[in-house]
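Here is the structure we will look at, set down as structure tokens.
The values are calculated or read from the model by the stated rules, or taken from the named source; none is laboratory data. Because the structure is predicted, anything quoted here is derived from the model rather than measured. Here the Cβ positions follow ideal geometry from the backbone for every residue, glycine too, while neighbour counts run over all protein chains shown. Heavy atoms of the whole protein, side chains included, go into the accessibility calculation; ligands, DNA and RNA do not. Shrake-Rupley method; radii C 1.70, N 1.55, O 1.52, S 1.80 Å.
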Amino acid sequence: MSSLPSERIEEEGAPKPNPRERFFEDVPEDELRRVFVWPNLLSIELIGGLLLLLLLGLLAVLVNAPLETLANDEKTPDPSKAPWYFLGLQELLLHMHPSLAGVIVPGVVILGLMAIPYIDRERVGTGIYFTTKKGLPIALFSLAYTAVWEVALILMDQYLPAAEGGHGLGPYLHTVLGWPEWISAIVVPSAIMLFIPALLVLLVRRRWQADRREVMIALYAFFFASFWTLTLVGTFFRGESMNLVLPWNLPGFTQ
Amino acid sequence: MAEPRPSLWERIRESSLYRSIYRTRYPDQPRWQSMVILQSLALHLHPVRVPKRATRLTYTWGLGGLSVWLFLILTFTGVFLMFYYVPDVPGAYFSIQNLATSVTFGQFMRNLHRWAAHAMVLLVFMHMTRVFLTGAYKPPREYNWMVGVGLLVLTFLLSFTGYLLPWDQLALWAITVGTNMAGSTPLVGGAIRTALLGGFSVGPATLVRWYTLHVIFLPLALIVGMSIHFWRIRKDGGISTPIYEEEEIGSHVQLAQ
């Protein structure tokens with residue numbers, strides 16, 4: 001924000017630069033004027049609440065909640081899937097040690113989310129979507145970067161053959177190259193999962209001279225894209241024995 | 001000339017019963033617009049006035065408020081379901097079947113509960129994303145952001161514990177997959193899994209545990225968390241407004257001491 005003295009001399013006489021130019025949006029003064037909650041906010045909340053209730057009510061009339069046959073612990077359905085919001089984690093399970101996929105990664109993600117405001121402590125930029133003009137391109141780049149990486153890794157794990165009929169990088173390192181399992185299923189996947197965001201941070205720092213907030217935007221986009229990429233693959237592209245299939249080839253809910 | 005006779009509505013509003021409940025007149029003037037907020041338990045979660053931007057749909061998208069609304073819908077439909085649901089193996093399954101076939105609005109209430117639960121997971125997640133994108137986690141709101149992440153986790157747990165209750169194939173195997181994941185925790189995984197299941201596999205003890213968590217413990221935990229969350233929104237200066245320069249800090253954020 002603060003300009004160097006030399007710049008100031010050069011700018012003398014020229015039209016005064018707008019200090020808000022670097023921000024993504026310049027909220028007009030009028031928008032900060034305080035208005036009464038009744039009726040300005042309450043009317044919007046009432047309409048929003050009613051619309052949501054109407055939408056859910058319609059859905060409840062049109063689509064029944066699933067109810068399959070009585071639980072039977074001797075008949076394992078294939079595939080057996082967790083609820084949709086855990087399918088990202090279930091997808092991770094296919095690629096690494098279960099401790100890593102089921103506990104350590106989600107634990108680190110939750111702690112990482114909680115830590116965001118203790119790392120990015122700069123108050124300037126609060127209340128502005130993406131904060132700076134660089135925020136949106138950084139976010140879009142990070143989303144695409146993450147999705148491409150993860151789809152590529154998922155495809156590699158499906159099509160890289162390993163011994164004993166297995167497939168994937170971990171089994172390949174373990175069964176073909178004979179690496180111990182703690183390296184192939186824990187160290188290697190951890191290294192990959194750390195490398196992807198680390199390279200992302202490096203790239204946005206180089207390309208956009210990203211500050212701390214912009215690096216946070218890149219990392220949140222990495223988390224967001226990971227969650228949705230893995231969840232969508234787990235939901236729509238995993239069929240029998242959790243092999244990759246196209247959505248229209250998925251086995252129906254009832255076999 | 002005689003006074004015109006008051007209308008029925010005016011007479012109701014002048015009655016001592018009505019005036020004992022609502023102490024303000026219809027809020028069409030600033031004074032009553034303030035009073036109506038200050039004197040109502042539900043409305044006083046809000047301040048009397050907010051920045052115009054806070055009422056803009058494209059700033060908050062109403063996601064936090066709608067999440068609370070979903071929690072209320074889920075509580076209402078959930079209590080209805082509890083009237084008919086039996087946490088018993090295999091009775092739970094038959095009570096759900098019974099709900100669909102011989103209870104008035106039974107299927108509708110179950111459907112509404114199910115879809116509202118999915119919507120709540122989605123909306124809480126989107127609310128977090130909105131707060132992130134607007135930088136509304138920055139100091140002094142960092143603690144409330146952390147509380148919010150905790151509320152997201154509680155929302156996941158509430159949805160997941162409810163998933164087992166119909167006791168059908170979908171429920172049993174989803175929970176088997178989920179508890180196996182928790183069981184892979186280093187060192188204490190086995191103990192966690194046994195505690196979650198009340199045994200070594202998903203069975204009657206699991207159902208009772210998850211039912212109890214779903215209808216009592218987790219909703220109460222969520223209510224406590226939400227109370228802190230809403231209280232801190234106000235204490236941390238209300239809805240976030242733009243800060244462009246250091247000097248602005250303090251002029252826009254009036255911390256309630």
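Please compute the average number of Cβ atoms from other chains found within 10 Å of each residue's Cβ in peptide B:163-176.
Numbers: counts 3, 1, 0, 6, 3, 7, 15, 11, 5, 9, 12, 9, 3, 5.
Per residue, the number of nearby Cβ atoms from other chains is 6 on average.
Note down the accessible area of A:TYR118, probe 1.4 Å, to the nearest 10 Å².
Here the accessible area works out near 100 Å².
Convert each backbone phi in segment A:25-35 into a coupling constant with the Karplus relation 6.51 cos²θ - 1.76 cosθ + 1.60 (shift: θ = phi - 60°), then list the ³J(HN,Hα) values in order as whole Hz, x for Gly and Pro.
9, 10, 6, x, 3, 4, 6, 9, 4, 8, 10
Could you give the length gained on full extension between A:LEU32 and A:ARG212, defined as 0.36 nm per residue of separation minus the Cα-Cα distance, in nm?
Details: separation 180, 0.36 × 180 = 64.80 nm, distance 2.65 nm.
Here the answer is 62.1 nm.
Can you compute the helix-only [θ] at 222 nm over chain B? Use -39500 (n - 2.57) per DSSP H run of at least 4 residues, normalise by all residues, nearest 500 deg cm²/dmol. Please report the intermediate quantities before stating the final value.
Working: 12 runs with 162 residues, N = 257.
The per-residue figure over chain B is -20000 deg cm²/dmol.
Straight distance only, please: which lysines reach the Cα of B:LYS52 with their own Cα at less than 20 Å, same-chain residues fewer than 8 apart left out?
B:LYS235
Under the classification rounded if a/c is under 1.5, otherwise prolate if a/b is larger than b/c and oblate if not, where does segment B:40-100 fall, given a ≥ b ≥ c as square roots of the Cα gyration tensor eigenvalues?
Taking the square roots of the gyration eigenvalues as a ≥ b ≥ c, segment B:40-100 is prolate.
Give me the angle, in degrees from 0 to 90, between the Cα long axis of helix B:169-183 and the longest principal axis of the Cα atoms of chain B, rounded to the nearest 10.
It is inclined by approximately 90 degrees.
Calculated from DSSP H runs of 4 or more alone, at -39500 (n - 2.57) each and per residue, what is the 222 nm mean residue ellipticity of chain A, nearest 500? Show your work: numbers first, answer last.
On the way: 9 runs with 129 residues, N = 255.
Per the formula, -16500 deg cm²/dmol.
Give the aspartates and glutamates whose C-alpha is closer than 17 Å to that of A:LYS75, dropping any in the same chain fewer than 8 places away, or say none.
Here the aspartates and glutamates satisfying the reach criterion relative to A:LYS75 are A:GLU240, B:ASP168.
Taking the Cα-to-Cβ direction at B:ARG13 and at B:GLN97 and moving 7 Å from each Cα, how far apart do the two end points lie in nm?
A separation of 5.7 nm, rounded to one decimal place.
Tell me, what are the semi-axes, in whole angstrom and largest first, of the equivalent ellipsoid of segment B:64-238 as set by the roots of 5 times the Cα gyration tensor eigenvalues? Display every interim value, and only then the final one.
On the way: eigenvalues 191, 95, 30 Å².
With the √(5λ) rule applied to segment B:64-238, the semi-axes are 31, 22, 12 Å.
Provide the FRET efficiency to the nearest 0.05 for the B:LEU187-A:ASN64 pair, computing r from the beta carbons and using R0 = 41 Å. It would help to have the intermediate numbers written out before the result.
Values: r = 43 Å, r/R0 = 1.05.
Once rounded, the FRET efficiency stands at 0.45.
Chains A and B: buried accessible surface, both sides, probe 1.4 Å, rounded to 100 Å²?
On the way: alone 18630 and 17360 Å², together 27440 Å².
What A and B bury together is about 8500 Å².
In nm, to one decimal, how far is the B:ARG25 label point from the A:ALA115 one, both placed 7 Å along Cα→Cβ?
5.9 nm
Rounded to the nearest 0.05, what FRET efficiency do B:THR58 and A:LEU50 have when you use their Cβ-Cβ distance and R0 = 22 Å? Kindly include the intermediate steps, with their values, before the conclusion.
Details: r = 20 Å, r/R0 = 0.89.
E between B:THR58 and A:LEU50, to the nearest 0.05, is 0.65.
Which whole number gives the average count of other chain Cβ atoms within 10 Å of the Cβ atoms across peptide B:114-126? Spell out each step's value before the answer.
Values: counts 7, 8, 6, 2, 6, 4, 0, 3, 2, 1, 0, 4, 0.
Per residue, the number of nearby Cβ atoms from other chains is 3 on average.
Under a crude label model (7 Å from the Cα following the beta-carbon direction), how far is B:ALA221 from B:GLU245 in nanometres?
4.7 nm
Could you work out the local net charge near A:PRO28, counting Lys and Arg as +1, Asp and Glu as -1, over the other residues with Cβ closer than 10 Å to its Cβ?
Numbers: positive: A:ARG33, B:LYS52, B:ARG53; negative: A:GLU25, A:ASP26, A:GLU29, A:ASP30, A:GLU31.
Net charge in that neighbourhood comes out at -2.
Hey, which lysines would be in cross-link range of A:LYS133, C-alpha to C-alpha under 20 Å, not counting anything within fewer than 8 residues on its own chain?
Candidates past the 8-residue exclusion: A:LYS16, B:LYS138.
Using amide H atoms built in the peptide plane, which far-off residues or other-chain residues are under 5 Å from A:HIS167 H to H?
Result for A:HIS167 returns A:ALA162.
Taking amide hydrogens as modeled 1.01 Å from N in the peptide plane, which residues meet the under 5 Å criterion relative to A:THR132, leaving out close sequence neighbours?
It is A:PHE24, by chain and number.
Once R0 is set to 60 Å, what does the formula 1/(1 + (r/R0)^6) return for the Cβ-Cβ distance between B:PHE83 and A:LYS16, expressed as a FRET efficiency to the nearest 0.05?
Numbers: r = 69 Å, r/R0 = 1.15.
Efficiency for this residue pair is about 0.30.
Mind grabbing the accessible area of A:LEU111 for me, 1.4 Å probe, Å², rounded to tens?
Rounded to the nearest 10, that gives 120 Å².
Tabulate in residue order the Karplus-calculated ³J(HN,Hα) for segment A:156-166, using 6.51 cos²θ - 1.76 cosθ + 1.60 with θ = phi - 60°, rounded to whole Hz; enter x for Gly and Pro.
4, 5, 7, 10, 7, x, 10, 5, 6, x, x
Which ³J(HN,Hα) values, rounded to whole Hz and listed in residue order, are derived for segment B:205-221 from phi using the Karplus coefficients 6.51, -1.76 and 1.60 in 6.51 cos²θ - 1.76 cosθ + 1.60 with θ = phi - 60°, glycine and proline given as x?
Values per residue, Gly and Pro as x: 5, 4, 4, 5, 4, 6, 4, 4, 4, 5, 9, 10, 5, 5, x, 5, 4 Hz.
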